[in-house]
Amino acid sequence: MQIVREIVRRITANVSQVIIGKQREIQLTVIGLLCQGHILIEDVPGVGKTMMAKALARSMGCSFRRIQFTPDMLPSDVTGTTIYNQAAGRFEFRPGPIMAQVVLTDEINRATPKTQAALLEAMEERQVTVDGATYPLDEPFLVLATQNPIEYEGTFPLPEAQLDRFLLRIHLGYPAPTDELAMLDSQQYEHPLDGLEQVVSVEELLQAQQAVREAFIAPELKTYIVELVTATRRHPDVYLGASPRGSLALRRCAQAYAASQGRDYVLPDDIKALAEPTLAHRIIINADARIRDIEAGSIVQEVLRATLVPGAAVRAR
């Protein structure tokens, strides 16, 4: 697993030149990439969401496209369209911006549900179908979607099926004052992104993605994951708990996290570290809990405290 650890270290260090002071968030993004998953970045404007996606693509030498979602965007603006070529006498496929290795879907909740649905096939099956023809997407394929949690005017909330297809949800947040000061200094003459170099090849990344799957996870820990997910469905403040896809996502993320630490086995702490970013966005709070300002993240933390860790002894009172 040393190759996985080294790749995570190189990418994290490289992206940290652009996104200062966000080591954990960058690491979570790389873990999502190792798991061949997609990431939802939910935060206010101006905290570096676009720069993170660009820096990640440059670090791996991958193709990068940005889709700025608007209410008038059509599904064909995402997937591409078929146009008749009069000179050649045949129809030709003009690929859309989704046909890239790293795709930033900016303000995804500004698109209509019909356009949002155009992403479902690409995210789940890594292919797009246009006019009955199917076109595979290049590997690796990563969708980084952003949305503003503050502004709701002119937006369309992501449906549960769409949210469930995101492996992780992360929040960048504002930088610490010292980090913001360092950012001012680093961008005084030129943007750090302009000089960012490739540090990992696509071949190395694909090898790491396969290596992550080899991390051993004990049957007791698999049961622990299922118990955590089941507890989210039975929580009194939850209308709809995490799906079985959430169990699969938590297992994959725990394997990737263990591999990023240089281990070929998963520990309970790996599962705990990834539970909130993996499960919180899959939970729908009921109306009474929303009135009391209860958030999904706090419910995941409550479930973690209430679920017995495998091998832990029950303390007598």
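Points to keep in mind about this one:
- Filtered residue count, the range 214-261, keeping only those that are in contact (Cβ under 8 Å) with a residue 60 or more places away in the chain and closer than 12 Å to ARG282 by Cα: 7
- If the condition is being farther than 21 Å from LEU40 by Cβ and free of Cβ contacts under 8 Å to residues at least 60 places away in the same chain, then the range 290-307 contributes ILE291, ARG292, ASP293, ARG305.
- Failed condition for ALA122, given (1) buried (at least 18 other Cβ atoms within 10 Å of the Cβ); (2) not in a helix (DSSP H, G or I): (2)
- Scanning the range 223-241 for residues that are part of a loop (DSSP other than H, G, I, E, B) and within 23 Å of the chain's Cα centre (by Cα) yields a total of 1.
- So GLU190, is it without any contact (Cβ under 8 Å) to a residue 12 or more places away in the chain and either closer than 20 Å to PHE141 by Cα or touching an Asp or Glu at 6+ places or on another chain (Cβ under 8 Å) (or both): no
- Within the range 53-68, tally of residues that are under 13 Å from the mean Cα position of the chain (by Cα) and either farther than 21 Å from GLU204 by Cβ or at pLDDT below 90 (or both): 1
- For the range 297-317, the candidate set comprises residues that are modelled with pLDDT of 90 or more and small (Gly, Ala, Ser); within that set, the residue that is surrounded by the fewest Cβ atoms within 10 Å (Cβ to Cβ) is ALA306.
- When the range 267-296 is filtered for residues that are small (Gly, Ala, Ser), touching a helix residue (DSSP H, G or I) at 6+ places or on another chain (Cβ under 7 Å) and within 15 Å of PRO236 (Cα to Cα), only ALA296 remains.
- The set of residues in the range 130-179 that are surrounded by 12 or more Cβ atoms within 10 Å (Cβ to Cβ) and either touching a Phe, Trp or Tyr at 6+ places or on another chain (Cβ under 6 Å) or without any contact (Cβ under 8 Å) to a residue 40 or more places away in the chain (or both) comprises LEU137, GLU151.
- Filtered residues of the range 159-178 (kept if modelled with pLDDT of 90 or more and in a helix (DSSP H, G or I)): PRO177, THR178
The values are calculated or read from the model by the stated rules, or taken from the named source; none is laboratory data. Everything numeric in this text was worked out from a predicted model, so none of it was measured. Methodologically, a virtual Cβ is constructed for each residue, glycine included, from the backbone with ideal geometry; neighbour enumeration extends over all protein chains shown.
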